[in-house]
Each structure stands twice: as structure tokens, then as C-alpha cells.
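I have placed the structure first, in the form of C-alpha cells, so that the comments after it can refer back to it.
The values are calculated or read from the model by the stated rules, or taken from the named source; none is laboratory data. Just so it is clear, the model here is predicted, and its values are computed rather than measured. In this analysis, Cβ positions are derived from the backbone assuming ideal geometry, glycine residues included, and neighbour counts consider all displayed protein chains. Surface areas here come from the heavy atoms of the whole protein model, side chains and all, with no ligands, DNA or RNA. Shrake-Rupley method; radii C 1.70, N 1.55, O 1.52, S 1.80 Å.
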2 protein chains.
Amino acid sequence: MARAATTSDVFNAIAEPRRREILVLLRAGERPVTELAQELGMPQPGASKHLRVLREVGLVRDRKSGKQRLYSLDARELRAVHEWTGGFERFWNESFDRLDTYLQDIKQAKQEE
Amino acid sequence: MARAATTSDVFNAIAEPRRREILVLLRAGERPVTELAQELGMPQPGASKHLRVLREVGLVRDRKSGKQRLYSLDARELRAVHEWTGGFERFWNESFDRLDTYLQDIKQAKQEE
DNA sequence: TTGACGCGTACCCATATGGGTATATGATGA
DNA sequence: TCATCATATACCCATATGGGTACGCGTCAA
């Protein structure tokens, strides 16, 4: 069954380093494929494929402009990832040495409810 | 060349829904593999494999306890993901309709420097 | 020492993935 | 209409991935 389709999951879409680079590049504004490919140091078809994945999960948009197709960022989906990881914030804030104690406190508090 | 090794990249490690579930489950405290497998509704070897990936990227730790091996969360690496996505915050906060204007403003401000 | 647990690994398999090259498609300008 | 530029697709390939099953290994109790 392999992994869930990349094209349907934002987490999977940003699992690719190149795609993350593309998103970062697009923060500076919309860009045509060729330019992105150049900045990534990869052939155009490769960039196009990555952009397709990003488009299908909704992380980028495109609009035609003459012969070109300009891609732009649509970061809304990234918010979900940000919030999901945010759900672990108290765990990385806790000193790891104290984590055990911390968990025991929670457990105990729960039993006392 | 396929994708970068899952075992070396946190983004890749959390691209798997099951692995994300495991992390969530571990927020409640350390657990043995069998229990996790049960809660995930998957055979133990499968859970072990996912746990191995999580361990190799440093998202979980394990300690032996008699016949069991207890896994616990180490969310520190998730912070990187949280911060990376956080770098896009201003983009999902901006109304998308206004994004163009926003970018132009930035561009103009830059030229005026 | 033996048997039962709890777990990690080895294998095998179907499939998704990313890269590369060639080529189809679309739009523009002469 | 034709040549050209900008992109997307179609293929082909090597490889990583996740799932399932069988099994090896260490630990504990009797």
C-alpha cells in the first residue's frame, strides 16, 4: 500500500526538501517555473512536477501571464501543520529530564479528579 | 533517487499519518509497542517499524522495562517544523485577495531603501 | 532449563516517488 | 501559418516505502 498519496496530504507535500525550497522562494513573490527551476538548480520538468504536487494540495496557485505561468504562494494549508506541531509545544518546552515528573504529575492530577 | 531517506528528516518522518498518531498517543505518556499497535489497529511489527523511524529522527525515546520496551515522546525536533511553518504566518494571515498588494508594498519599500 | 511473552528484524510484494529525457501543448510574434 | 519560447506530460528507471508473515532473541517465571 505504500505511503499515502503525496498529492492529498500537506504533510507529505512538504516532506520533500525541494518543495520546501520552492515555498520559501515564493515568499518573495510569484515566479515562473523556469526561474524556480534555475534557482533550485534542477531541470524545468522536475520543478514542474513539484509545483504540480504543491498545487494539488493547495499550497501554490498559478495564473497565466502571456507565455508564462506564474506561481504564487498560498500558505493557508501550512497553518494546519503549524498548529499540529504547536500541540506539542509544552513537550519541547519542558526540560526533558523533568518530563517524567511532569507526566506523573498529570497522571496524579487526573486520578484526583 | 527517490525521496530523501525518511530516517534522516523530521518532515519526512511525520509525513506518515500513523506516525503522527503515535506521537499524539505518546503525549499521554510512555507506552509499550503492543499497546500502541493495538490503539493504532495495526500488527505489532508495523508499529515497531514506525517507531524505529521515529526513534532514528529523534522524535521518540525508548527504555527497557523488564520484558517490555517503553517508548516516550521527545518533541524537540517538532519545534523545527513548527518554526519553519511559522515563517509563513504572515502569508496565511494576509487576506489572499490582498496578497498582491501586500507584495507590491514590500517591493516598493525595498526599492525605496 | 523450559515455556511464554514482548519486541525487533528479515523477507517478500505492490506501489509511490523523484529524476532524466523526449515530446506534446499553448501562446506569441513575424 | 510557421518558428519559437514556456510549460506540462509521458515514459522509463532505480529505489524507498509500508504492509504482512515468519521467526530470532532477550527476559521472566516456574
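Mind counting the residues in region A:48-79 that are part of a helix (DSSP H, G or I) and within 8 Å of DNA strand C (Cβ to nearest atom)?
Looking only at that region, the number is 3.
Filter region A:39-63 down to the residues that are within 16 Å of A:Asp9 (Cα to Cα), surrounded by 15 or more Cβ atoms within 10 Å (Cβ to Cβ) and out of contact with any Leu (no Cβ under 6 Å at 6 or more places or on another chain) and list them by number.
Across region A:39-63, the qualifying residues are A:His50, A:Leu51, A:Val53, A:Leu54, A:Arg55, A:Val57, A:Leu59.
For region A:64-76, what are the residues that are of a type outside the set (A, V, I, L, M, F, W, C), out of contact with any strand residue (DSSP E or B) (no Cβ under 6 Å at 6 or more places or on another chain) and either more than 21 Å from B:Trp84 (Cβ to Cβ) or open to solvent by less than 80 Å² (accessible area, probe 1.4 Å) (or both)?
Of everything in region A:64-76, those that are of a type outside the set (A, V, I, L, M, F, W, C), out of contact with any strand residue (DSSP E or B) (no Cβ under 6 Å at 6 or more places or on another chain) and either more than 21 Å from B:Trp84 (Cβ to Cβ) or open to solvent by less than 80 Å² (accessible area, probe 1.4 Å) (or both) turn out to be A:Lys64, A:Ser65, A:Gly66, A:Lys67.
Within the set of pairs 6 or more residues apart or between chains, which connect a residue that is over 14 Å from B:Arg79 (Cβ atoms) inside region A:75-90 to a residue that is among the small types (Gly, Ala, Ser) with Cβ atoms less than 6 Å apart?
Partner pairs satisfying both residue conditions: A:Glu77/A:Gly58.
Taking the condition of being within 7 Å of DNA strand D (Cβ to nearest atom) and buried (at least 19 other Cβ atoms within 10 Å of the Cβ), how many residues in region A:17-32 meet it?
0
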